[in-house]
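Each value in this text was obtained by applying a stated rule to the coordinates, not by laboratory testing. None of these values were measured; they are calculated from a predicted model. Cβ: placed from backbone, ideal geometry, glycine included. Neighbour counts: every protein chain shown.
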Amino acid sequence: MGADIGELTRDTIPTDVLEADRPVIIDVWGPQCVPCIALSPTFERLAGEFGDRARFMKLEAPKNRMACVDLKVMGLPAFLRYEGGAEVSRLTGDVDDAALVQWVKEALANEGGDEE
């Protein structure tokens, strides 16, 4: 299994995301979402490659509808990046493997860079 990907729920968002001591990348997915299923191996590969620099989490949308409302996720697939308890980036809609890889690499290349 290799990659350490956590399972996120509405109850665990405060500790696993908002209070995290490093960036958190969330894959909001659904079992009926064909693009979500297709992107899953890429997300897992990225978690294996960058798991030392960010925490990778999956949120199953149908089981966590209120969490999706809280996170303002309106469609799938959706990928969210949190740092310091705040959302700093989002990738949604027509996402393919290349776009996901580029988004994660750019997000983590900037890690620890500019502060506000």
Taking residue 84, is it of a type in the set (Gly, Ala, Ser), at positive phi and without any contact (Cβ under 8 Å) to a residue 60 or more places away in the chain?
yes
Filter region 49-63 down to residues that are part of a helix (DSSP H, G or I) and closer than 17 Å to residue 7 by Cβ, then give me how many there are.
3
The correct count of residues that are more than 13 Å from residue 101 (Cα to Cα), buried (at least 21 other Cβ atoms within 10 Å of the Cβ) and β-branched (Val, Ile, Thr) in region 24-63 is 3
Residues of region 1-18 satisfying the condition of being closer than 16 Å to residue 67 by Cβ and either in contact (Cβ under 8 Å) with a residue 12 or more places away in the chain or assigned to a loop (DSSP other than H, G, I, E, B) (or both):
6, 7, 8, 9, 10, 11, 12, 13, 16, 17, 18
For region 64-96, how many residues meet the condition of being of a type in the set (Asp, Glu) and either surrounded by 14 or more Cβ atoms within 10 Å (Cβ to Cβ) or not in a loop (DSSP other than H, G, I, E, B) (or both)?
3
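Being touching a residue at least 24 places away in the same chain (Cβ under 8 Å), in a strand (DSSP E or B) and within 16 Å of residue 105 (Cβ to Cβ): is that true of residue 43 here? Walk me through how you get there before you give the answer.
Details: touching a residue at least 24 places away in the same chain (Cβ under 8 Å): yes; in a strand (DSSP E or B): no; within 16 Å of residue 105 (Cβ to Cβ): yes.
Judged against the criteria, residue 43 is not a match.
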Scan 21, 11 and give me the residue that is more than 22 Å from residue 76 (Cβ to Cβ), of a type outside the set (Ser, Thr, Tyr) and loosely packed, with under 15 Cβ neighbours inside 10 Å.
21
